[in-house]
Amino acid sequence: MTVFSLSAKNVIAKPLSSLLSVLLFGFGVSIIVIILLTSSFMKNEISKNAAGIDLVVGAKGSPLQIILASIFHIDFPTGNISLEDANNLTRNRLIASAIPLSLGDSYRGYRIVGTTKKYVELYNAELQKGELFGMKMTVVVGANVANMLGVSLGDALASDHGLSEGAGDHAENPYKIVGVLKPSGSVVDNLIITSIQSVWEVHGHEEEHDEQDVSEVELGKLGVIVTREQLAEEDITAIFVKYRSPIAAVQLPRIVNGTSNLQAASPPYETARLFNIIGVGVEVVNILGVVIIILSAISVFIALINSLKERKYELAIMRSMGASRAKIFVMILIEGLILTVIGSFFGFGLAHFGFGMLGVSVEQFEASALFFVEDEYLVFGGSMIVGIFASLIPAILAYRADISETLAKG
Amino acid sequence: MLTINSLVHLYGGNAKIQYPDWHVEKSHHSVILGSSGSGKTTLLHLLGGLLQPSQGEVSIAGTDISSMKSSALDRFRGANIGIVFQQPHLVSSLSVIENLMLSQYLGKGRINKEEATKMMDQLDIRELQSRKVHQISQGQAQRVSIARSLLNKPKLLLADEPTASLDDENCEKVIRLLKSQAELCDSTLIVATHDQRIKNELKDTLVL
């Protein structure tokens, strides 16, 4: 028999009231932890997907939309820019290199990205089997695409026009899968990647071939070779720019925005802005979690006070049997802590389980229940402090109780 | 065994109660007799160290407990004084035997299950040992509380109105039980009561 076992027996002796305290405390903790996990996970994902991209240049419009559409592939592009404008821009000495992107088609909900091989390198995506796409209507598919659609090497994909299903298709001009990528944990997993020329081909501009200039030019910084005709007539959606020097971060956006059709979007700046917007919601849910924790602390407090009232004779008799004030104090404190410790473990378990479930049920959200964040220690520490405070007043009351007065009445 | 000397207790307001000097020899089981409000429970609490006297001294087996510090008094009480209250007030989250072991743990800091079992045999409550407190009758609970207070073989066994609500037959039974158990444990029994029936059973009487 120890003080701890006495406390534990007292907690068990009131299963319903203990359960209520544990549940409330657990839910409060789990809300805060799941918010913490989700936002850390998203920040992680975003910085992973935006790594190595200094600036995105797209058609005039919302810079946030450009970022969402061309980096994260979750919004629609602002429009197209002409290849010529893009090429003229990349001649600027502030730009080290650039990757062109042509978006707009999809296959059964998965987006088709026309680009260069450098795009695949940017995300360090490796081939699982097959080879990278070439010029002529060949694609590599991300790991998720291959899994979810059950497609593999040699299959033909007839792309849909637009980014959602059923918006008309390009059945007469199907792509052929020549490669499947390994899972990389980045957006590439959910994309179908092809050459930029193939996208142009699908949209069929080459009927007017004759009389046109078919001599080829190399657009060095963009890393593509096109015909003069294509340079003059084709459009792309955006380019990812890599700066040559830090000074470009100051000058280049201004130059781009000064060009009538172009809009510069800085990934760090826009994602920070996005987090500010989401942040309000996160804040609200966090406050909700804190409120639930405080409510549950009050419930622990009330449970302890009530049980003190019921047990005041028992406690006085324990004193009369030789228990010191300190022992009674510690016993009550431990009772409160048992409830809050179990409650917070329950909360952490629930949060991680829920987070893992989210990973299973939501596509493009590759979360694992074993994803831990350092700040969880803070949540645990904070919940312990709340638990100590909730138990402190009852413990002090028990400490100060006048046993003679209590026993004289009963 | 027990000596009280010019003992005075001041109540919260300005009421004051002065007790006559009294001395009880070892094994002279005694009774403190007084009507309600005469301060007999207060005296019992002073004797048991549950209350610090305002003036005067209480000495038990040669130790003056009136000037002891709170924690030292707790230890002394746990080891040397057993108290039977009017209501048993057993610890409800524990079983009968755990209640007995609690007394050992708090009083002496160690648990001896054998002694606890022996004490239950002595009081004829062995078969209740694993029952929860709410599963036994009031009379059985009183026996458990007597067993609990005697388990550490206290020098002094105090009982507060143990017979208040009992009929003549049971009153006699309880008082005989207290006496015989106190003797078995080599304790000196002091009963505080307004119950005149007890007077004849015990040697010394202090009338308040």
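The average projected area of the protein assembly as shown, computed from the convex hull of its Cα atoms over all directions, is 40.6 nm². May I ask for the Kirkwood hydrodynamic radius of region A:1-134, worked out over all distinct Cα pairs and given in angstroms to one decimal? Kirkwood radius, region A:1-134: 19.8 Å.
Enclosing the Cα atoms of region B:50-208 in their convex hull gives a volume equal to 125 cubic angstrom per residue. Convex hull volume per residue, computed on the Cα atoms of region A:1-51, equals 86 Å³. Share of pairwise Cα-Cα distances greater than 14 Å in region B:24-90 is 64 percent (whole percent). Relative to the compact-globule estimate of 2.2 N^0.38 Å, the Cα radius of gyration of region A:342-402 comes out at 1.67.
Relative to the dominant Cα principal axis of chain B, helix B:113-122 is inclined by about 80°.
Here is how the number arises for chain A: DSSP H runs of 4 or more residues each give -39500 (n - 2.57), the sum is divided by the residue count, and the result at 222 nm is -18000 deg cm²/dmol.
Taking the charge dipole of chain A about its Cα centre, with +1 at Lys and Arg Cβ atoms and -1 at Asp and Glu Cβ atoms, the residue from A:G130, A:N276, A:T340 reaching farthest to the positive side is A:T340. The Kirkwood radius of region A:44-114, taken over pairs of alpha-carbon atoms, gives through the Stokes-Einstein law at 20 °C and 1.002 mPa s a diffusion coefficient of 162 µm² s⁻¹. For chain A, the membrane-span-like helices by this rule, meaning whole DSSP H stretches whose C-alpha atoms cover at least 18 Å of axis and whose Kyte-Doolittle mean is -0.5 or above, are A:15-50, A:267-310, A:325-361, A:376-400; this says nothing about an actual membrane. Rounded if a/c is under 1.5, else prolate if a/b beats b/c, else oblate: with a ≥ b ≥ c from the C-alpha gyration tensor eigenvalues square-rooted, which is region A:75-200? Here region A:75-200 falls in the oblate category. Simple rule: put +1 on each Lys or Arg Cβ and -1 on each Asp or Glu Cβ in the protein assembly as shown, find the dipole, and look at A:L315, A:N44, A:V291; the Cα lying farthest toward the positive end is A:L315.
Bridge orientation summary for chain A: considering DSSP beta bridges with both residues in this region, about 80 percent are antiparallel. Computed about its Cα centre, the charge dipole of region B:118-163 is approximately 220 debye, with only Lys, Arg, Asp and Glu carrying charge at their Cβ. Taking packing as the residue-averaged number of other Cβ atoms within 10 angstrom, the listed peptides A:249-256, A:3-10 run from highest to lowest as A:3-10, A:249-256. Under 24 Å between alpha carbons, and skipping anything fewer than 8 positions from A:K117 in its own chain: which lysines qualify? Within the straight-line cut-off, A:K117 pairs with A:K48, A:K129, A:K136, A:K176, A:K182, A:K221, A:K242. For region B:114-193, build the charge dipole from Cβ charges (+1 Lys, Arg; -1 Asp, Glu) around the Cα centre, then report which of B:G139, B:S149, B:S165 sits farthest towards its positive end. Farthest along the dipole direction, towards plus: B:S149.
Note down, for region A:260-390, the three equivalent ellipsoid semi-axes (square root of 5 times each alpha carbon gyration tensor eigenvalue), biggest first, whole angstrom.
Details: eigenvalues 434, 51, 29 Å².
Three semi-axes, in Å: 47, 16, 12.
Over all directions, the average projected area of the alpha-carbon convex hull for region B:122-208 comes to how many nm²?
Working: hull surface 24.4 nm².
Over every viewing direction, the Cα hull of region B:122-208 projects on average to 6.1 nm².
Give the Debye-formula value of log10 I(q)/I(0) at each listed q (0.21 Å⁻¹), with one equal scatterer per alpha carbon of region B:10-140, two decimals each. One equal scatterer on each Cα of region B:10-140 leads to -1.29.
Of all lysines in the structure, those lying under 20 Å Cα to Cα from B:K203, and not within fewer than 8 positions of it along the same chain, are B:K26, B:K40, B:K155, B:K173, B:K179. Across all C-alpha atoms in region A:77-128, the radius of gyration and Dmax reach 13.5, 41 Å.
Each value in this text was obtained by applying a stated rule to the coordinates, not by laboratory testing. Computed from a prediction, not measured in an experiment: that's the story for all the values here. Every residue, glycine as well, gets a Cβ built from its backbone with ideal geometry; the counts of neighbours run over all protein chains shown.
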